[in-house]
Structure formats: structure tokens, C-alpha cells
Amino acid sequence: MEKEFLAGSDDLGPMADINVTPFIDIMLVLLIIFMVTAPLMLGGVPINLPKSLGPALLRPEEPLVVSLDAASRIFVEKKEVTAPARLEFFKRLARESATGEVYVRGDGEVKYARMMELMGELGQAGFARVTLVTSPRPDEPVHQ
């Protein structure tokens, strides 16, 4: 005999729904793990940066050199440039530059944030290439 299926019967037929609750639980746990570990992978470990190990690069005939001294004063060549007219002065220098390159010399006592501000100003003025000048290690010969 054939059994009839009636509404409200106790027969357990095939279930067409998938229980996604365990899947969601696993995904939330993985999300939390990635949120906790992602900042650790960004290099938040304190390090001491080495001096320049690479060979000295050849300088152009007439390089434009911007210097930042320990008192955070900015000089172009040997002339001090004050804050009010600095950006316009840098824009004019960038327009006149044949290569769009500028060399930045910074005193070792200058804070990193101040150096980044100067480099940002130079980039905003239109210099295509900002090169940081370092001193070679004393034990390495200078290449000319």
C-alpha cells in the first residue's frame, strides 16, 4: 500500500533548506582573526634603519639642493626660504627645472614628520623626483 502524505503528519520527508548558521559562525571567527592579525602584518615592529649601503650616485651638473637644518629652517642652495612664500617659490623652481628633480638634505636631528612635510611640499610644487641625500658609511669608498 501506498502511504499518503497529509499535512501535519509525523513523517519526516526530505529537507530542502540548508542550515547556514555554522557557516556564518565560522566566517565571523575568521573575520575576527584577520582583524586582529592584520595590523601586526603592517610592520609595526620598531627597527633601527641602517646608513646607506648603496654606492654614491653621480650628481647632475647643476643639481637643485634643498636643505633642512636641525632648527627646521629650509634652504635652497644657501638661501633661506621662509614659510609664506615657500610653496610659490618651489612651484617656480619646478617649472624652471629641466629634469624635475630635486635633492633633499636633512639634518639627522630633524623629525621624520617634518622631513615628510617638506617632501610633500616639493611634490605639491611639481617636482617629479625627490631624492634624499645621505652620507655614505665611512668604510665605503665614494664613487665618482
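The values are calculated or read from the model by the stated rules, or taken from the named source; none is laboratory data. This is a predicted model, so every value here is computed, not measured. Heads up, the Cβs are rebuilt from the backbone with ideal geometry, glycines too, and the neighbour counts pull from every protein chain shown.
Descriptive notes on the structure:
- Thr99 touching a Pro at 6+ places or on another chain (Cβ under 8 Å) and not in a helix (DSSP H, G or I): yes
- Against the test of being at pLDDT below 90, surrounded by fewer than 16 Cβ atoms within 10 Å (Cβ to Cβ) and under 24 Å from Thr82 (Cβ atoms), the options Arg129, Arg114, Arg137 yield a single qualifying residue, Arg114.
- Test result for Met41, modelled with pLDDT of 80 or more and either part of a helix (DSSP H, G or I) or in contact with a strand residue (DSSP E or B) (Cβ under 6 Å, 6 or more places away or on another chain) (or both): no
- Ile47 meets all of the listed conditions (1) surrounded by 10 or more Cβ atoms within 10 Å (Cβ to Cβ); (2) β-branched (Val, Ile, Thr); (3) modelled with pLDDT under 60 but one, namely (1).
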